[in-house]
Amino acid sequence: MKRLGWIGAARKELLAFPPAVVRNVGYALYLAQLGEKAPSAKPLKGFGGASVLEVVEDHDGDTYRAVYTVRFAEAVYVLHAFQKKSRKGIATPPQEIEKIRFRLRRAEEEHRKWQSRNQ
């Protein structure tokens with residue numbers, strides 16, 4: 001099973017969601033740790049390929065998203081979790097994309113550090 005890492009405030013962001021959403025996202029992350037993909041997980045556009053995935057959960061008329069990466073063989077990193085506020089389509093807002101890009105770079109740094117400590 002791959003280890004699970006949290007980048008920035010991703011864990012706090014996720015735990016602020018309603019319990020049913022946390023449970024569903026948690027299960028999707030568990031499947032990712034096993035090397036599988038939850039039916040609710042889709043590649044996030046703009047990140048080239050399927051190494052950055054997004055879980056979308058609807059609850060009580062609101063939409064919640066959690067983004068993680070499976071880019072690394074030994075770990076899954078949760079990059080961001082947020083509630084979709086915009087009513088203009090399904091596109092991820094630019095400020096959220098920028099935060100995800102920043103945290104992906106941090107995940108790469110964290111993973112390099114982890115690898116150097118564990119070799």
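No lab work stands behind these numbers, since they all come straight from the coordinates. Computed from a predicted model, the values in this text were never measured in an experiment. As a convention, Cβ positions derive from the backbone with ideal geometry for all residues, glycine included, and neighbour counts pool all protein chains shown.
When the residues of segment 17-35 are filtered to those that are outside any helix (DSSP H, G or I) and in contact (Cβ under 8 Å) with a residue 40 or more places away in the chain, the one that is farthest from Arg71 (Cα to Cα) is Pro18. As an exercise: evaluate Arg105 against (1) touching a residue at least 12 places away in the same chain (Cβ under 8 Å); (2) more than 13 Å from the chain's Cα centre (by Cα); (3) closer than 15 Å to Gly5 by Cβ and give the number of the one condition it does not meet. For Arg105, the exception is condition (1). Val56 passes every criterion in (1) buried (at least 19 other Cβ atoms within 10 Å of the Cβ); (2) in contact with a strand residue (DSSP E or B) (Cβ under 8 Å, 6 or more places away or on another chain) apart from (1). Residues in segment 59-77 that are crowded, with 23+ Cβ neighbours inside 10 Å and β-branched (Val, Ile, Thr): Val67, Thr69, Val76. Within segment 38-77, if we keep just the residues that are in contact (Cβ under 8 Å) with a residue 12 or more places away in the chain, part of a strand (DSSP E or B) and acidic (Asp, Glu), the residue that is nearest to Leu15 (Cα to Cα) turns out to be Glu57.
So for segment 78-95 (the condition being assigned to a helix (DSSP H, G or I) and surrounded by fewer than 16 Cβ atoms within 10 Å (Cβ to Cβ)), does at least one residue qualify? Yes; the residues of segment 78-95 include at least one that is assigned to a helix (DSSP H, G or I) and surrounded by fewer than 16 Cβ atoms within 10 Å (Cβ to Cβ).
When the test is whether a residue is of a type in the set (D, E, K, R) and under 16 Å from Leu4 (Cα atoms), Arg117 does not pass it.
Listed here are the residues, each with its yes/no results for (1) among the aliphatic types (A, V, I, L, M); (2) under 11 Å from Val56 (Cα atoms); (3) exposed (fewer than 14 other Cβ atoms within 10 Å of the Cβ); (4) out of contact with any Ser or Thr (no Cβ under 8 Å at 6 or more places or on another chain).
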position	(1), (2), (3), (4)
Ile7	yes, no, no, yes
Glu13	no, no, no, yes
Val25	yes, yes, no, yes
Ala28	yes, yes, no, no
Leu34	yes, no, yes, yes
Ala41	yes, yes, no, yes
Leu44	yes, yes, no, no
